[in-house]
Amino acid sequence: MSSDMMQALNDIEKERGIPKSALIDAIKSALNTAYKKNFSSTQNVSVEINEITGEIKVYSQKKVVEKVEDSRFEIELSEASELYPDCKLDELVYVEATPTNFGRIAAQTAKQVVIQKLREAERSLIYEEFLEREGEIVTGTIQRIEARTIYISLGRTEGIMLPADQISSERYEVGQRIKAYIYEVKNTTKGPNIFVSRAHANFLRRLFELEVPEIYDGVVEIKSIAREAGYRSKISVHSLDDKIDSVGACVGPRGIRVQNIVTEMGGEKIDIIKYDKEPERFIANALSPAKVLAVNIYEEEKVARVIVPDYQLSLAIGKEGQNARLAAKLTGWKVDIKSESQFIEENELDGEDS
């Protein structure tokens, strides 16, 4: 190593925030390993670095003896006394053992260590940056697609979108710019893994926060979300200001706000539901667009039995039960839907039985 290398370590400390002492300690450790690998695997050695000149010296620990039997581990008292005038027999002393060609090995090793430390620091910075951004929406470019997993360029790193995090109705291509929600950041030995999703319920939540100022400002709250990505979502909202219509704020003038979100989500249908603290009214709202005649609540079973007009039954249940399923998820109640005629028929039967 040289004084130029020491200056480089000073610059790295200032620019990257990696302590010079940590770099020197790492270089020393690597040089100890390099010495044992190239020169002696048995000697107890210590590598010292002059922090001003960059000069490197290797010292070998030896025992002071009267007669040397193994020069790798022993030194005669007369020779040791020249270095350590007060030394005594059987003491351990350090003697310089720097090989003539060790400078070349030292320079290569130091370079490798510095590069490795810079990589580790870069990974650490990226991890900390995206850990703080967990729960946010990011925009990136699809870099590659491998085994249905999509890798998205996010600048200095990439996001990973697993098959389960993709909207099944969407088609993705390399070079395409997309938005996604960061739901987990993991630190690994190879660097941070940033998992992103377009199917996550909070992707919809963040889109509404970005599109609707009243939600961003906290005047309108998102109470719950039920989503079947790519097909349909229901979102319940509540206004903290009686003068502001929570549903109207989310729909926007001429429906522009919700339409922007629908477009971003590839045409996924979105039902915006007015939240109500009374479960009967909330459940009736959640079954929108179906009309509801009555809702009977059974607290112990956490079941809501809903009665709808005969011609609204299929609409209330939805295709393959989707509307009823999303309403149940949105409200937290198990929803049992019956038509008006079914309800009357069951009550008549119950009357006959009694």
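Nothing in this text is a laboratory measurement; each read-out follows from the coordinates by a stated rule. Because the structure is predicted, anything quoted here is derived from the model rather than measured. We place every Cβ from the backbone using ideal geometry, glycine too, and count neighbours over all the protein chains shown.
Things to note:
- Whole-percent pair-distance distribution, where bins are 10 Å wide, for the alpha carbons of the range 280-354: 21, 51, 24, 5
- Spatial separation of Cα centroids for the range 6-31 and the range 236-312, in angstrom: 60
- Potential lengthening between SER169 and ILE344 on full extension [0.36 nm per residue; Cα-Cα distance subtracted]: 58.9 nm
- Cross-link pairs beyond the 21 Å C-alpha cut-off, checked among LYS234/LYS291; LYS20/LYS190; LYS14/LYS111; LYS67/LYS88; LYS28/LYS186: LYS20/LYS190; LYS28/LYS186
- Stokes-Einstein diffusion coefficient of the range 158-250, Kirkwood radius over Cα pairs, 10 °C, 1.306 mPa s, in µm²/s: 106
- Loop trypsin sites (Lys or Arg not before Pro), the range 86-176, which have at most 12 other Cβ atoms in a 10 Å radius of their Cβ (DSSP): LYS88, ARG148, ARG156, ARG171
- Enclosed volume per residue, in Å³, of the convex hull spanned by Cα atoms of the range 88-132: 103
- Candidate cross-link partners of LYS57 among the aspartates and glutamates, defined by an alpha-carbon separation under 18 Å and a same-chain spacing of 8 or more, comprise ASP4, ASP25, GLU48, GLU96.
- Amide H contacts of GLU74: LYS63, each under 5 Å away and 5 or more positions distant or on a separate chain (H built 1.01 Å from N in the peptide plane; Pro and chain starts excluded).
- GNM result for the chain, Cα springs below 10 Å: residue of SER46, SER224, SER81 fluctuating most strongly: SER81
- Rounded if a/c under 1.5, otherwise prolate or oblate - the range 3-118, Cα gyration tensor axes: prolate
- For the range 133-148, Karplus couplings with θ = phi - 60° (6.51, -1.76, 1.60), whole Hz, Gly/Pro x: 9, 4, x, 9, 9, 10, 10, x, 10, 5, 8, 7, 10, 10, 6, 6
- Summed side-chain charge close to TYR216 - residues other than TYR216 whose Cβ falls under 11 Å, Lys, Arg +1, Asp, Glu -1: -3
- Using bins of 5 Å that start at zero, the share of Cα-Cα pairs per bin across the range 123-164 amounts to 6, 21, 28, 25, 15, 5, in whole %.
- A crude spin-label estimate for the pair SER29 and GLU128, with each label 7 Å from Cα along the Cβ direction, gives 1.9 nm.
- Neighbour-count ranking [beta-carbon atoms within 10 angstrom, fewest first] of ASP11, ASP271: ASP11, ASP271
- Relative contact order of the chain, taken over Cα pairs closer than 8 Å and 6 or more residues apart, is 9 percent.
- Residue by residue, the range 90-96 carries 3J(HN,Hα) couplings of 6, 6, 9, 10, 9, 10, 4 Hz when phi is fed to the Karplus relation 6.51 cos²θ - 1.76 cosθ + 1.60 (θ = phi - 60°); x denotes Gly or Pro.
- GNM top mover of GLU301, GLU158, GLU268 - the chain, alpha-carbon springs below 10 Å: GLU301
- Taking a sphere under 11 Å around the Cβ of GLU74 and counting the other residues whose Cβ falls inside, with K and R at +1 and D and E at -1, yields a net charge of -2.
- Here the range 221-354 is described by how far its Cα atoms reach on the three principal axes: 56, 32, 25 Å, from widest to narrowest.
- Annotation for the range 147-178 versus the range 92-127: alpha-carbon center distance of 38 Å.
- Choice from ALA286, ALA26, ALA328 with maximal GNM fluctuation in the chain (Cα, 10 Å cutoff): ALA26
- In the chain, helical runs assigned H by DSSP with n ≥ 4 each contribute -39500 (n - 2.57); averaged across all residues and rounded to the nearest 500, the mean residue ellipticity at 222 nm is -12000 deg cm²/dmol.
- Size descriptors for the chain (Cα atoms only): Rg and Dmax, in that order, 35.4, 119 Å.
- Per-residue Cβ neighbour rank within 10 angstrom, fewest leading, TYR298, TYR181, TYR127: TYR298, TYR127, TYR181
- Just so you know, the Rg over Rh for the range 134-200 is 0.93, from Cα atoms, with Rh as the Kirkwood radius.
- Here the 3J(HN,Hα) profile of the range 319-328, calculated from phi with Karplus coefficients 6.51, -1.76 and 1.60 at θ = phi - 60°, is 4, 6, x, 5, 5, 5, 5, 5, 4, 5 Hz, Gly and Pro shown as x.
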